[in-house]
Each structure stands twice: as structure tokens, then as C-alpha cells.
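**Student:** Please read through the structure below; I'll follow up with questions.
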Amino acid sequence: MKLNRWMLILTVALSTAGFLLTRSFAAESPKALRGDPLRGGEIVARGTDYGVVACARCHAFDGTADGSSAFPKLSGISSYYLAKQLRDFASGLRTDAIMSAIARKMKAEDIADVSEYYSGVSGTPTPAPPAAQHLLALGARLATVGDDEKKVQACEGCHGAAGRGEDPAIPSLAGQYAGYIGFQMRMWKMGYRKNDANQQMANIARRLSPQDIEAIGAYFERLPRKDSAKDKRRP
Amino acid sequence: MAQKLKSVDVVVVGVGFMGAIMAKELAAAGLTVVGLERGKKRWTVPEFQSPEIHDELKYSIRKGMMQDVTREAMTFRNNSRQEALPIRQWEAFLPGSDLGGSGVHWNGQTFRFTEADFVWRTRIEERYGKDFVDPTLTIQDWGVTYDELEPYFDKFEHLLGTGGKAGNLNGKIQPGGNPFESWRSREYPNPPMKEQYGGVLFRKAATEMGYHPFVQPSSNMTRPYTNPEGLQLNACNYCGFCERYACEHFAKATPQTVILPVLLKNPHFELRTEAQVLRVNLDSHKKRATGVTYADATGREFEQPADLVIITTYAWNNVRMMLLSGIGKPYDPKTGEGVIGRNYAYQTTGDVYVFYDESVNINPFMAAGASGTLIDDFNDDNFDHGPHGFIGGSYIMSALTNGRPIEFHPTPPGTPDWGKEWKAAIRRHYNHTAHMLLHGSSMPTRTNYLDLDPTYRDAWGLPLLRMTFDFPENDVKMTQFCVDHAVEIGKRMGAKAVAGYPRKPPFTTQKYQTTHNTGGVVMGSDPNTSALNRYLQSWDAHNVFVVGASAYPQNPGYNPTDTLGALAYWSVDAIKKQYLKKPGPMVSA
């Protein structure tokens with residue numbers, strides 16, 4: 001009797017374990033694409049002997065970059081999005097004087113590993129430079145409500161409430177440098193950048209004035225950046 | 001006593017898609033136009049904002065955008081032996097309210113009817129003989145032909161920015177399009193939508209079986225688009241919240257995105273919202289309308305005199321407005337005489353679910369309202385009906401318009417409807433199930449009709465509309481036939497299990513089908529069997545035009561909106577070119 005009971009418990013335990021194991025494999029099947037963050041960290045720190053420059057030189061170890069706003073923050077952004085941008089830099093779909101050359105030297109696993117590394121780091125908050133109240137109000141309106149005259153939808157309709165992104169495909173904007181957001185918006189607007197689906201961003205950026213773009217950057221820079229390591233919503 | 005207002009040239013009752021088109025064209029022609037809308041104003045910014053606009057409970061379950069049943073319901077019964085009762089919650093069909101009407105919450109599915117559809121009785125009798133049609137069906141020709149409407153289809157599709165691939169350009173069959181469609185004079189203004197994965201699997205199977213798959217024409221933008229009115233639309237991002245919702249991205253063709261901003265800028269046009277039109281007023285001979293009477297939000301009544309009255313209040317609301325105003329003879333099912341309420345038809349849909357194992361990820365949430373892949377081989381008169389004993393057909397479309405959590409939970413037959421096993425089944429099948437929609441025709445009968453309810457009244461004390469409807473035997477045979485074929489396709493798609501659900505009588509208002517109610521104020525060439533002439537002009541009061549799917553003598557197996565827009569442009573063109581020069585009947589009875 002006693003034995004039977006133990007047998008029963010053991011059977012239940014084993015089958016539960018088996019079930020969990022199966023489930024986690026099922027859930028992890030897309031992770032075949034997932035990189036190794038430790039190896040990614042090595043590339044971030046040292047680069048590679050075939051010419052990939054150490055990412056941390058510009059983007060810092062915690063993805064906060066150098067505060068100049070010339071280089072974007074990378075923390076809080078999905079590995080999917082980061083890897084896609086690196087592949088686009090490599091293929092020429094997206095171009096940048098510095099990143100295109102680096103990305104072309106990266107192997108597929110380098111891209112996966114580095115992306116995995118930065119998607120998991122916690123950035124450091126940076127102070128936002130002062131901005132006029134009316135600019136912040138305009139930015140808040142465009143970001144959360146949009147503009148009916150210009151047929152521009154709210155940024156947060158895709159980039160998520162409080163600019164926290166819609167992982168994995170749509171990046172977080174919260175806490176990103178206003179200068180970088182503005183630069184990219186001008187790139188979309190002038191037709192230099194076009195690596196999104198359905199020309200969505202170019203179409204929007206074309207309708208925004210320089211002041212609108214400045215306002216959007218100022219608004220998002222003031223929002224708290226998503227902390228990848230702590231955010232449980234991250235897939 | 002109603003306060004009498006200053007007379008205008010035109011009053012448009014209902015400012016939805018058709019109302020906006022009619023008003024825009026007439027105001028642009030220099031006429032003073034007043035648009036009376038029972039609902040409130042609403043715009044993409046600020047009203048349609050995510051995440052609130054994706055509130056499934058509010059919009060899908062509680063029908064947040066639909067006609068308010070606490071003020072205006074309708075009653076329903078399956079046949080004249082029953083007592084009709086008010087519908088207290090919309091489910092089978094979802095009539096919209098507020099500015100833009102149902103055009104705000106539609107899916108964007110944009111099919112033209114075919115050459116055969118407009119001469120349906122003639123075509124069927126020519127092909128199968130006079131005795132082939134079930135004598136209880138009251139099918140008839142439209143009084144207008146496809147060739148006459150083609151330029152207006154083209155105009156409406158360019159207004160909408162419809163995306164698709166032509167299957168027949170000026171008579172030449174085009175690879176990749178629908179070979180069964182009637183000719184079109186040029187390509188769609190935009191390319192087709194991206195295919196869903198279920199559509200890819202369907203396309204492969206259908207092609208192997210010798211059918212002709214194509215991507216559904218869609219008025220969800222496939223790229224940024226500026227329409228002929230100069231309005232800019234953005235590209236759709238396939239969020240899966242089209243039908244029952246408003247689009248926050250300016251990416252769905254709606255009155256708000258394709259026409260209303262232009263209309264409202266015209267100084268000849270005035271929009272009055274929360275204006276509930278109670279009736280169209282007639283002169284003492286009942287041959288001419290003198291205007292309309294409406295109640296504002298406080299209940300005060302106004303009389304708005306007008307030289308021209310255009311009724312665009314949704315299919316069966318149009319029928320009710322005609323009955324409340326006493327225009328045209330009400331239909332009597334006992335004698336078969338009368339025209340208002342006659343030839344009410346609907347849609348006969350079926351469903352097929354294709355269940356895969358867990359290695360096949362369908363991703364139902366990556367969808368737009370019109371991103372299906374379909375075949376037209378079993379629709380319309382595209383195949384020989386001779387051996388089958390019914391008329392009409394269905395398109396068979398691999399389509400998931402959404403993967404919304406409350407609404408979408410397919411389970412294989414035999415799964416319990418609740419409890420632990422049900423929960424396990426929906427978790428197992430959510431991402432591994434493809435769906436085929438069979439969107440079938442609906443034929444009118446002598447006994448399916450609309451009239452005023454003798455008992456129940458609305459918030460203004462006026463009788464509700466009463467619907468008497470059940471699926472005709474012809475349509476039941478049709479849906480079974482089409483579902484049988486779709487199940488075969490499903491098996492070919494590599495499924496573990498396929499479940500087919502043909503539509504079965506009795507019709508119930510508590511199971512969603514489509515919002516494609518048609519007929520009741522039909523167009524035609526004989527005043528004894530139609531309420532309107534070929535220009536949508538009332539045979540009885542020449543300055544009343546009724547625009548809507550109420551004009552369809554029967555409902556083919558395609559979604560109705562494209563034809564609705566074509567008819568509106570056709571009608572308003574005739575008003576501008578003929579009627580305004582010489583007001584009077586444009587066709588002699």
C-alpha cells in the first residue's frame with residue numbers, strides 16, 4: 001500500500017516533470033535563433049580579431065552610450081529588433097557611416113550574440129536637456145493622440161504606452177536621446193532610412209515639421225527607459 | 001409643434017459612407033446640403049486611440065459602436081406564425097451608429113458584384129431554363145447593368161484606395177487575380193495585402209486541386225496612399241482590430257479617412273449631429289417630399305424643408321424610414337403585392353476549421369480585416385448549377401481577421417464547451433488552427449420581409465421595424481454544397497482534423513454572420529416589384545432617393561460595400577446630370 005502510494009507520487013512527479021520539459025521545449029523552439037549573451041559580451045568588450053570594433057566604445061557596456069546623443073541607447077530593446085538592424089546595416093537596407101562597415105564584418109552568430117547581450121542589460125538614467133513647456137506639450141500630444149490635420153497617428157499607438165515599445169518588432173523610445181530620435185526622424189523624412197514595413201515611418205516623418213520632430217524627441221527622452229533585466233513582459 | 005427651419009436644396013438623412021458621398025458630390029455641385037446624423041461626431045484623432053480602441057469587451061462584446069438598442073431596436077421572428085420580439089443585443093448583424101456609420105467599423109472587404117448578379121433572373125433562366133428556380137424565390141434583375149456601373153466601381157475603389165490584383169482587365173484574364181471577376185477598366189489603386197500563413201497553406205492546396213486562389217481585395221491600405229480627394233492614408237500594420245473597431249492609424253478606408261474632411265470644408269454643407277430624423281414629409285398629393293422632421297438631442301422637433309431628400313440610413317433603417325413616411329406601398333406577404341419591405345435578403349455563411357498539430361504556427365493575430373486568400377470557383381454562377389438544384393454560391397476564403405482573445409478560441413468537435421478540458425483545448429489550438437469563411441448568397445422569398453412592428457416602439461414613440469426571416473431551402477442546399485467542397489480543401493491543407501459548419505435553419509439573431517442585410521427598398525424596372533428605379537429614385541416621390549443595400553433585389557455571395565459605393569456614385573451622377581436640370585421621374589413608370 002505504502003509502496004503504491006510512493007509509486008503514484010513518483011509517477012505523478014515524473015510525468016509532471018516530463019510535461020514541463022516538453023512544454024518548455026515547445027516554448028523554446030523559436031530560441032534556436034537566440035544568441036549567447038556571454039559571447040556577445042566578449043564582442044561588446046573586445047571586438048573580434050576580424051575587425052568588428054568593440055560595441056562598448058560607443059554604446060557602453062550597459063547600452064547607455066556616451067550621452068552625446070550621437071549614439072543610441074540599446075538597453076531595453078529586443079534582440080529581434082537589434083539583430084534586424086545589424087542585418088540591415090550589413091545588407092545596405094539601412095546605411096550609416098560607422099555601423100554599415102562594422103555590421104558587414106559581423107557573422108550571423110556575432111549579430112545574434114551581441115543583440116542578445118544588449119537586450120538583457122539595464123541602462124543608466126541620463127538627464128534630459130531642458131526643453132520649453134510648449135514643446136513638451138506638443139510632443140505629448142503627438143505621441144499620445146496624434147494630429148488629425150496631418151493624418152499622423154499617435155506614436156504610442158505602435159511604440160507602446162509610455163513609449164515602452166511593442167516587442168519584438170517595434171522598439172522602445174522611452175528615455176532614448178532626443179537628438180538621436182530627431183536624427184532618425186530626419187533620416188526617414190529625407191528618404192535615407194527606409195528599412196521598416198510598408199514605409200510606415202517615412203510616411204509619418206514626411207508630414208511632421210522640424211518642430212514636431214524636436215517635440216517628439218523631447219517628450220520621449222523624459223520617459224523612464226524600459227529596464228530589460230527587470231521587465232517581466234519581455235518575451 | 002416642430003420649428004420650421006430655412007429651406008435648403010438637399011437634406012441627407014444619415015451621414016455614413018453613402019451619405020457622405022452623396023452630400024459631397026451635391027455640395028461640390030453648388031447645392032446647399034444639410035447632413036442629419038443621429039449619432040455624435042467622432043474622428044481618428046482624438047476619438048480612436050489605442051490601447052482604448054482595442055478594448056474587446058467594449059467594442060466586440062458590448063457592441064460599443066453599434067446602434068443603441070435601448071433607443072432604437074428592431075423586432076425579429078422566423079415566420080409569420082410567430083410573435084416578433086425586440087432584439088436586445090446585436091449579434092448576427094452589427095449596424096453602426098454615429099458619424100461615419102458602419103463605414104467606421106467595417107473590415108474593408110471590397111468585392112465587386114459580377115455581370116451576372118445584376119441580371120440575375122435573366123441569367124439563371126437563360127442558362128438553366130424557366131423552371132429551374134424554386135418558385136418561392138422572388139429573384140429579379142436590378143434594372144442596371146455591370147457595364148453601366150463599372151466606371152463607378154472604379155471611382156469608389158480609388159476613393160477607398162483598395163488593394164488587390166486585377167483578374168480581368170478589359171476582358172483579358174490576368175495571372176494572380178480572380179479569373180471569375182467581371183472586367184475592370186484598370187488595376188486596383190494599390191497592390192494586394194500580404195498573405196497570412198493560413199492563406200499560404202490554402203493557396204497551395206487550392207492550386208493543387210485545380211482551383212483559382214487569389215488575395216482578397218482590401219480597403220486596408222497596403223501602402224501610403226493619397227486618394228483623388230487629396231486625403232492621405234497610412235499603411236496598415238495588420239493589428240487585427242478592423243471589424244467592430246475604428247482604425248487609429250488612418251489605414252482603413254472609412255468616411256473619416258477618405259471623404260468627410262473634404263465634405264466638411266465645403267461651405268455649402270452643414271453637418272448636424274444628434275439629429276434623429278422621424279419622417280420624410282410629403283406634399284398633399286403624396287407625390288413629392290417637402291423635407292424632413294427631426295428631433296435634436298433634447299427632443300425638440302424641427303422641420304427641415306428641402307427640395308431633395310436622400311435617405312442613407314443603413315439597409316433596413318432605410319426601409320423603416322420609407323414605412324414611417326408613407327412613401328411607397330408596404331409589402332404584403334399574403335398577396336405578394338407592395339414593395340416597401342419586399343425582397344429582404346441577408347447572407348448565408350458557413351465555416352470550416354482546419355486543425356493542425358503544434359508544429360504549424362498560424363499566428364491568427366497577424367491579420368487585417370481583409371487579408372484573406374480565397375477561391376471564387378463555387379461562388380455566384382461561376383459553376384454549373386444544373387446537377388445541384390440550387391442557385392447562388394459562396395466564396396471559400398482562408399481568413400482570420402483577428403486572433404482576439406475573447407472571440408477567437410477554436411476547438412475541434414467533441415471538445416466540452418466549458419471547464420478544464422475546454423481551457424486546455426483552446427490553449428492547444430489557438431495558434432494552430434486555420435479557418436475558412438464561406439460567404440454565401442442569400443435569395444429573397446415571398447415570406448421573408450420587413451414591416452413595422454404592431455407592438456413595440458422606439459424612444460420617440462415610433463414603431464420598430466419587424467424582420468421576418470429564415471434561411472430559404474435553396475440557400476441551405478447551397479451552403480451545404482460549398483462547405484463539403486471546402487472540407488475537401490481543408491483535408492488537402494495537411495490538417496489533423498477538419499470541421500465543417502454549414503449554416504442551418506432556423507436563423508438566430510444571437511449568432512454572428514455578417515452585417516450584410518439587403519433589400520426592402522429594391523431597385524428595378526417595374527414599379528410593381530421595385531420601390532426605386534434604376535437611379536435609386538423613388539417611383540412614388542421623385543425627389544426622394546434611397547441609397548443603400550436596401551436597393552439590392554437579392555444578395556450575391558460577395559461583400560456588399562463596393563457595389564454600394566458604385567450605386568451611390570451612379571445615382572448622384574444621374575442626379576447631377578439629369579435630375580437637377582429637369583426635376584421629375586427619370587424613368588417613366
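**Student:** Every residue in segment B:134-152 that is polar (S, T, N, Q) and buried (at least 20 other Cβ atoms within 10 Å of the Cβ), please.
**Tutor:** Applying the first criterion (polar (S, T, N, Q)) to segment B:134-152 yields B:136, B:138, B:140, B:145.
Result: B:T138, B:Q140.
**Student:** Please determine whether any residue of segment B:61-68 is among the β-branched types (V, I, T), under 21 Å from B:Q276 (Cα atoms) and more than 14 Å from every other protein chain (Cβ to nearest Cβ).
**Tutor:** No, every residue in segment B:61-68 fails to be among the β-branched types (V, I, T), under 21 Å from B:Q276 (Cα atoms) and more than 14 Å from every other protein chain (Cβ to nearest Cβ).
**Student:** When you go through B:N190, B:N234, B:N220 one by one, which is the residue that is within 14 Å of chain A (Cβ to nearest Cβ), open to solvent by less than 20 Å² (accessible area, probe 1.4 Å) and touching a Pro at 6+ places or on another chain (Cβ under 7 Å)?
**Tutor:** After ruling out the rest, the residue left standing is B:N234.
**Student:** Hey, A:K151 hits all of (1) within 13 Å of another protein chain (Cβ to nearest Cβ); (2) under 17 Å from the mean Cα position of the chain (by Cα); (3) crowded, with 21+ Cβ neighbours inside 10 Å but one; which does it fall short on?
**Tutor:** (2)
**Student:** Something else: Of all the strands (runs of 3 or more DSSP E) wholly in segment B:301-417, which have at least 1 residues that are over 30 Å from B:L536 (Cβ atoms)?
**Tutor:** On the way: elements: B:301-311, B:342-345, B:348-355, B:373-375, B:394-398.
So the answer is B:348-355, B:373-375, B:394-398.
**Student:** If you go through segment B:463-485, how many residues are more than 27 Å from B:N318 (Cβ to Cβ) and open to solvent by 10 Å² or more (accessible area, probe 1.4 Å)?
**Tutor:** The qualifying residues number 7.
**Student:** Residues of segment B:350-407 being closer than 30 Å to B:I124 by Cβ, in contact with an Asp or Glu (Cβ under 8 Å, 6 or more places away or on another chain) and open to solvent by 10 Å² or more (accessible area, probe 1.4 Å), which ones?
**Tutor:** Within segment B:350-407, B:N382, B:F383 qualify.
**Student:** Return a yes/no flag: does segment B:427-449 have any residue that is more than 30 Å from B:T373 (Cα to Cα) and assigned to a helix (DSSP H, G or I).
**Tutor:** no
**Student:** Of all the residues that make up segment B:30-60, how many are more than 14 Å from every other protein chain (Cβ to nearest Cβ) and in a loop (DSSP other than H, G, I, E, B)? Steps first, answer last, please.
**Tutor:** Kept after step one, since they are more than 14 Å from every other protein chain (Cβ to nearest Cβ), are these residues of segment B:30-60: B:30-40, B:56-60.
Cutting the leftovers down to in a loop (DSSP other than H, G, I, E, B) gives us B:30-32, B:38-40.
Final tally of qualifying residues: 6.
**Student:** Of the numbered conditions (1) out of contact with any His (no Cβ under 8 Å at 6 or more places or on another chain); (2) under 30 Å from B:N363 (Cβ atoms); (3) outside any loop (DSSP other than H, G, I, E, B), B:A206 satisfies every one except a single condition; which is it?
**Tutor:** (1)
**Student:** Among the residues of segment B:153-187, which ones are assigned to a helix (DSSP H, G or I) and surrounded by fewer than 21 Cβ atoms within 10 Å (Cβ to Cβ)? Full working, then the answer.
**Tutor:** At the first step, the residues of segment B:153-187 found to be assigned to a helix (DSSP H, G or I) are B:153-160.
If the condition is that a residue be assigned to a helix (DSSP H, G or I) and surrounded by fewer than 21 Cβ atoms within 10 Å (Cβ to Cβ), then B:D154, B:K155, B:H158 are the ones that fit.
**Student:** Looking at segment B:77-92, is at least one residue buried (at least 16 other Cβ atoms within 10 Å of the Cβ) and within 14 Å of another protein chain (Cβ to nearest Cβ)?
**Tutor:** no
**Student:** Looking only at segment B:485-540, count every residue that is under 26 Å from the mean Cα position of the chain (by Cα), over 30 Å from B:S588 (Cα atoms) and without any contact (Cβ under 8 Å) to a residue 24 or more places away in the chain and tell me the total. I'd like the intermediate steps shown before the answer.
**Tutor:** Within segment B:485-540, the subset under 26 Å from the mean Cα position of the chain (by Cα) is B:485-486, B:500-540.
With the extra rule that they be over 30 Å from B:S588 (Cα atoms), the set shrinks to B:485-486, B:500-516.
Those left that are additionally without any contact (Cβ under 8 Å) to a residue 24 or more places away in the chain: none.
Final tally of qualifying residues: 0.
**Student:** Assess whether B:N448 counts as being polar (S, T, N, Q) and either touching a strand residue (DSSP E or B) at 6+ places or on another chain (Cβ under 6 Å) or open to solvent by less than 20 Å² (accessible area, probe 1.4 Å) (or both). Before you say what the answer is, go through the steps one by one.
**Tutor:** Working: polar (S, T, N, Q): yes; either touching a strand residue (DSSP E or B) at 6+ places or on another chain (Cβ under 6 Å) or open to solvent by less than 20 Å² (accessible area, probe 1.4 Å) (or both): yes.
So B:N448 fits the description; yes.
**Student:** Would you call A:R141 within 14 Å of another protein chain (Cβ to nearest Cβ) and either open to solvent by 20 Å² or more (accessible area, probe 1.4 Å) or free of Cβ contacts under 8 Å to residues at least 24 places away in the same chain (or both)?
**Tutor:** Against the criterion (within 14 Å of another protein chain (Cβ to nearest Cβ) and either open to solvent by 20 Å² or more (accessible area, probe 1.4 Å) or free of Cβ contacts under 8 Å to residues at least 24 places away in the same chain (or both)), A:R141 qualifies.
**Student:** Does segment A:194-216 include one or more residues that are part of a loop (DSSP other than H, G, I, E, B), away from chain B (no Cβ under 14 Å), under 22 Å from A:Y80 (Cβ atoms) and open to solvent by less than 20 Å² (accessible area, probe 1.4 Å)?
**Tutor:** So far as segment A:194-216 goes, yes, one or more of its residues are part of a loop (DSSP other than H, G, I, E, B), away from chain B (no Cβ under 14 Å), under 22 Å from A:Y80 (Cβ atoms) and open to solvent by less than 20 Å² (accessible area, probe 1.4 Å).
**Student:** Continuing with the same structure: Of all the residues that make up segment A:154-170, how many are in a helix (DSSP H, G or I) and open to solvent by 60 Å² or more (accessible area, probe 1.4 Å)?
**Tutor:** Number of matching residues: 1.
**Student:** Can you work out which of the residues in segment A:172-193 that are in a loop (DSSP other than H, G, I, E, B) and of a type in the set (G, A, S) is nearest to the other protein chains (Cβ to nearest Cβ)?
**Tutor:** In this case the residue turns out to be A:G191.
**Student:** Is there a residue in segment B:114-133 that is open to solvent by 20 Å² or more (accessible area, probe 1.4 Å), within 19 Å of the chain's Cα centre (by Cα) and closer than 30 Å to B:G389 by Cα?
**Tutor:** So far as segment B:114-133 goes, yes, one or more of its residues are open to solvent by 20 Å² or more (accessible area, probe 1.4 Å), within 19 Å of the chain's Cα centre (by Cα) and closer than 30 Å to B:G389 by Cα.
The values are calculated or read from the model by the stated rules, or taken from the named source; none is laboratory data. Bear in mind the structure is a predicted one, so any value in this text is a computation, not a measurement. Note: ideal-geometry Cβ built from the backbone for every residue, glycine included; neighbour counts use all protein chains shown. The protein model used for the area step is the full one, side chains on, heavy atoms only, and it has no ligands, DNA or RNA in it. Shrake-Rupley method; radii C 1.70, N 1.55, O 1.52, S 1.80 Å.
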